[in-house]
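This report refers to the structure that appears directly beneath it.
The values are calculated or read from the model by the stated rules, or taken from the named source; none is laboratory data. Treat the numbers as computed from the prediction; the structure is a model and nothing was measured. A quick note on method: Cβ atoms are made from the backbone with ideal geometry, for glycine too, and the neighbour counts reach across all protein chains shown. Keep in mind that these areas ignore ligands, DNA and RNA; they rest on the heavy atoms of the full protein, side chains included. Shrake-Rupley method; radii C 1.70, N 1.55, O 1.52, S 1.80 Å.
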Amino acid sequence: MGILDFFNGTKATSKDIAKERLKVVLIHDRTDIPPAVMEQLRDEILDVIAKYVDFDRDAVDIRLDRENRLSQLVAEIPLRESPRSRRKR
Amino acid sequence: MSATVITITSGKGGVGKTTTTANLGVALAQLNKRVVCIDVDIGLRNLDVVMGLENRIVYDLVHVIEGQCRLRQAMIKDKRMPELYLIPAAQTRDKSAVSPSDMVRLTDELRPDFDFVLIDSPAGIERGFRNAIAGADKVLVVTNPEVSAVRDADRIIGLVEAERKGPAQLILNRMRPAMVDRGDMLSTDDVLDVLAIDLIGIVPEDESILVGSNRGNPVAMDEKSLAGQAYRNIAMRLTGKDIPFIDFSKPRNGFLGKIANIFKRG
């Protein structure tokens with residue numbers, strides 16, 4: 001869920017915005033990865049994966065996430081089905 | 001018997017560390033615990049005025065550390081309470097006058113004679129903070145429901161863990177239930193969701209806190225104050241009792257409560 005989601009649906013209260021901003025700032029505080037470096041990391045990961053599989057670059061979601069005080073790098077990369085698997089059906 | 005050494009810290013200044021320390025000191029003493037509060041904010045001492053003991057200071061923490069007086073000489077007894085003492089900070093020195101190992105020695109010397117040693121930490125993450133947590137068995141992090149205070153609390157919680165003093169517990173101070181109700185203040189659940197640590201107390205914003213510090217009477221002495229009750233509840237939790245959290249958004253009974261509820265609805 002991103003900041004934008006709030007504006008699409010019901011009107012965000014100021015505390016919703018506060019919470020969303022806090023989550024983002026804390027992830028960067030704790031991992032010490034600035035947004036620009038994150039962008040570079042994302043591009044390099046995708047370049048490597050693109051060598052082996054076919055996927056839609058626009059559908060990719062790579063982000064830093066945090067649960068129970070542990071930060072993790074989460075990547076969701078939906079793959080395109082290969083022509084062979086389509087033929088099987 | 002050996003005391004539990006508890007450090008009250010926050011990262012950010014002005015969130016209520018000193019008020020919390022004074023009130024937990026009073027509330028624990030009211031439970032007949034033997035308590036000593038230590039102000040480690042050298043150069044910016046304030047626990048003395050919040051506790052109302054500023055006129056009785058002769059010796060301070062730095063005198064003790066440097067051996068210019070005996071420990072007992074620097075301990076000011078709060079005569080209103082059965083067993084409550086204050087060791088004030090030095091006002092004309094700076095943080096470097098005390099080291100973390102000095103604090104470990106001091107707290108170890110106090111342990112046999114007390115049930116609780118409460119340490120009021122300075123703001124920040126530098127030497128003063130290191131001094132404050134050096135002897136701690138338990139760390140309480142005070143925060144307010146606002147972005148900057150919660151961010152600093154997160155930083156401090158991480159540092160407490162790194163110093164192997166964790167897990168810290170959280171005191172959420174200055175809550176305003178009416179603002180939470182209308183979505184203009186982070187709720188307790190929001191803050192806990194973001195920080196992922198244990199809660200030990202919620203203290204509402206309450207005018208009686210300022211009135212108490214004006215007079216040098218910590219609000220925990222005031223039977224009728226809601227904030228005072230919140231501090232007394234934290235004190236009981238510190239003694240191991242399982243006390244439910246007060247739901248401040250619940251409609252309050254009584255004449256004033258009814259009036260407050262009418263305004264809340266608006």
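Restricting region A:18-76 to trypsin sites (Lys or Arg not before Pro) that sit in a DSSP loop and have at most 14 other Cβ atoms within 10 Å of their own Cβ leaves A:Lys51. The fraction of Cα-Cα pairs per 10 angstrom bin, counted from 0 for region B:9-120, comes to 15, 50, 32, 2 percent, rounded to whole percents. Relative to its residue count, chain B spans a Cα convex hull of 122 Å³ per residue. In this label model, B:Arg56 and B:Ser101 are separated by 3.4 nm, measuring between points 7 Å along each Cα→Cβ vector.
The string of couplings for region B:134-139 from the Karplus curve (6.51, -1.76, 1.60, θ = phi - 60°) is 3, x, 6, 8, 8, 10 Hz, one whole number per residue in order, with x for Gly and Pro. Among the listed pairs B:Lys79/B:Lys138; B:Lys79/B:Lys224; A:Lys19/B:Lys33; B:Lys79/B:Lys241, those whose Cα-Cα separation exceeds 31 Å are A:Lys19/B:Lys33. Per-residue Karplus couplings for region B:39-48, computed as 6.51 cos²θ - 1.76 cosθ + 1.60 with θ equal to phi - 60°, are listed in order as 8, 9, 7, 5, x, 9, 6, 8, 4, 4 Hz, Gly and Pro entered as x.
Full extension of the segment from B:Asp193 to B:Thr4, taken as 0.36 nm per residue of separation minus the current Cα-Cα distance, would add 65.2 nm. For the pair B:Leu71 and A:Glu76, label points projected 7 Å from Cα toward Cβ lie 5.8 nm apart.
For chain B, the mean residue ellipticity at 222 nm estimated from helices alone is -11500 deg cm²/dmol, where every DSSP H run of n ≥ 4 contributes -39500 (n - 2.57) and the total is divided by all residues, rounded to the nearest 500.
Evaluated at q = 0.10, 0.14, 0.15 Å⁻¹, a Debye calculation over the C-alpha positions of the protein assembly as shown (equal weights, vacuum) places log10 I(q)/I(0) at -0.69, -1.12, -1.24.
The residue among B:Ala162, B:Val26, B:Ala3 whose Cα reaches farthest toward the positive pole of the charge dipole of chain B, with charges on the beta-carbon of Lys, Arg, Asp and Glu, is B:Val26.
What relative contact order, as a whole-number percentage, does region B:75-164 give when Cα pairs under 8 Å and 6 or more residues apart are counted? Relative contact order for region B:75-164 comes out at 20 percent. Using a 1.4 angstrom probe on protein heavy atoms only, the contact between B and A buries about 1500 square angstrom of accessible area, both sides summed.
When the label point is put 7 Å from the Cα of B:Asp94 along its Cα-to-beta-carbon vector, which residues of region B:34-65 have a backbone N closer than 12 Å? Flagged as within label range: B:43. Computed from backbone phi, the HN-Hα couplings of region A:47-52 come to 4, 5, 5, 5, 5, 10 Hz, rounded to whole numbers (Karplus: 6.51 cos²θ - 1.76 cosθ + 1.60, θ = phi - 60°; Gly and Pro given as x). Along chain B, the longest continuous region that contains none of the GluC sites (Glu not before Pro) in a DSSP loop with at most 10 other C-beta atoms within 10 Å is B:1-125. Close amide H pairs (under 5 Å, H built 1.01 Å from N) link B:Glu205 with B:Arg174, B:Met175, B:Arg176, residues at least 5 positions away or on another chain. The magnitude of the dipole of the protein assembly as shown, with charges of +1 and -1 set on the Cβ of Lys/Arg and Asp/Glu and taken from the Cα centre, is near 740 debye. For region B:1-94, trypsin sites (Lys or Arg not before Pro) are listed when DSSP marks them as loop and at most 15 other Cβ atoms sit within 10 Å of their Cβ; the list is B:Arg70, B:Lys79, B:Arg80.
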